[in-house]
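First comes the structure, then the notes that go with it.
A short reminder: the numbers here are calculations on the coordinates, not readings from a lab. Model, not experiment: these values are computed from the prediction.
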Amino acid sequence: MVKQLHELDLMQTLKEAVEQGKPYLGTSAGSNIGGLNMQNTNDMPIVYPPDFTTMGLVPFNLNAHYLDPDPNSTHNGETRETRIKEFHVFNNIPVVGLREGSWIRVEGGKVTTEGSKNSRIFLPAKDPYELAPGSELNFKFPVSHFR
């Protein structure tokens, strides 16, 4: 999706339309493109986009379909939490893990968590924490700090 949006020169066009007041609702990859970049998505890239940046409608990245580590799992691979922590070794961008049934709302400059489940918040060099639905997301940094 990101590859096509960049190649068709639509990422900036879409961002401008949203910033001019057009409503935007994205799910899955459509949620991910609302953040600053796609460098912590769950997908294994099979094609490379010309640019990993996305619309930057919010000053953080989203991890849609976030799954908590399963202590009873026999899978020896990385968890989503591990991957996000690895992302933070090289990046200062906050990541909001959205569990199924959860989303964020941006309205009037206010960003809140919504839905039926808590969101998992990841900040560089800090332990992840939970935010209940209806909580405001405010990382108290200008967007330029994270780019």
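Details
- Helix-only [θ]222 nm of the chain, DSSP H runs n ≥ 4, -39500 (n - 2.57) each, per residue, nearest 500: -5500 deg cm²/dmol
- For the stretch 11-99, alpha-carbon Rg relative to the globular expectation (2.2 N^0.38 Å, N residues): 1.18
- Largest first, the extents of the alpha carbon coordinates of the stretch 1-52 on the three principal axes equal 33, 21, 14 Å.
- Reachable lysines from residue 15, criterion Cα separation under 29 angstrom, eight or more residues apart if same chain: 3, 85, 110, 117, 140
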